[in-house]
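Scroll down for the structure; my scribbles are underneath it.
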Amino acid sequence: MAAPRKSTRRCTKCDRPAAPGHRQCRAHVAYFREYRRKRREAGRCIQCGAGARGYQLCTACAERSSELMRERYRERRDAGRCVICGAASHGESLCRPCATHKARSRRRLRAESG
C-alpha cells in the first residue's frame, strides 16, 4: 500500500499529502521525530528500540544501515549519478552542487580547526 502512495506523493501512513522532502505528512513526520527523540534520550536504538551503547543505532541496525548506504553508493556510482543526491553527475561521483557544497564544508572545517 505504501508504494502507490509514495509514487503519488501521499503519506505512506495515512494518505494525506506528503510533506515536502518526506514520504509522510507533516503530522507523521513530527510524530516519528518525537518518537526517535524519546528513544535516543532513553539510550535506545532509534530504529528497533534495543540498547544503543550511547549511539543512535544498536550494532545490528548500524551494520544494516552501513550496508544499505554502501549499496546505494555503488548503485548510484555505477549508474553515473551523484552518490549523495542521485542527480546526473556526468561520469563524476558528485554532481556540481554537491561537489561545491562538500568543498565549502571542507574549507570551513579546515579553517575552524587550523
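Just so you know, all these numbers are worked out from the coordinates, no wet-lab data involved. All values reported here derive from a predicted model rather than from experimental measurement. We place every Cβ from the backbone using ideal geometry, glycine too, and count neighbours over all the protein chains shown.
Here are the numbers for this structure:
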read-out: Only one of Thr100, Thr12, Thr59 that is on the phi < 0 side of the Ramachandran plot, of a type in the set (Val, Ile, Thr) and surrounded by fewer than 13 Cβ atoms within 10 Å (Cβ to Cβ); value: Thr100
read-out: Residue among Ala103, Ala99, Ala52, Ala87 that is small (Gly, Ala, Ser) and under 24 Å from Tyr35 (Cβ atoms); value: Ala52
